[in-house]
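The values are calculated or read from the model by the stated rules, or taken from the named source; none is laboratory data. Bear in mind that the values here come from a model prediction, so they are computed numbers and not experimental data. Every residue, glycine as well, gets a Cβ built from its backbone with ideal geometry; the counts of neighbours run over all protein chains shown. Accessible surface is based on the protein model in full, side chains and every heavy atom, while ligands, DNA and RNA are left aside. Shrake-Rupley method; radii C 1.70, N 1.55, O 1.52, S 1.80 Å.
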Amino acid sequence: MTRPPEREPSFVRSVAPRVPERQLLTTREAAVYCGYKTPDGIRKAVFDGRLAVAGRRGGRGTHMFWRVDL
């Protein structure tokens, strides 16, 4: 008797995070869009002047970025 092929549990599969279709992205969304694991790379790029911020969410919230600038 043969055993059925083993399947990996569904909780093990990793699903790539989706980036919204919006043109303005938050820091976290921009990090996913650019392939960073954490938003720290985006914040460092802003600090170094390599990336321009489109503004802040709500005036004092998280940085927002235009998708075309990324």
Within region 34-56, the count of residues that are out of contact with any helix residue (DSSP H, G or I) (no Cβ under 9 Å at 6 or more places or on another chain) and open to solvent by 100 Å² or more (accessible area, probe 1.4 Å) comes to 3
Among the residues of region 41-70, which ones are among the small types (Gly, Ala, Ser) and either in contact with an Asp or Glu (Cβ under 9 Å, 6 or more places away or on another chain) or not in a helix (DSSP H, G or I) (or both)?
-> Gly49, Ala52, Ala54, Gly55, Gly58, Gly59, Gly61
Residue in region 25-33 that is open to solvent by 100 Å² or more (accessible area, probe 1.4 Å), basic (Lys, Arg) and either under 15 Å from the mean Cα position of the chain (by Cα) or modelled with pLDDT of 90 or more (or both) present = yes
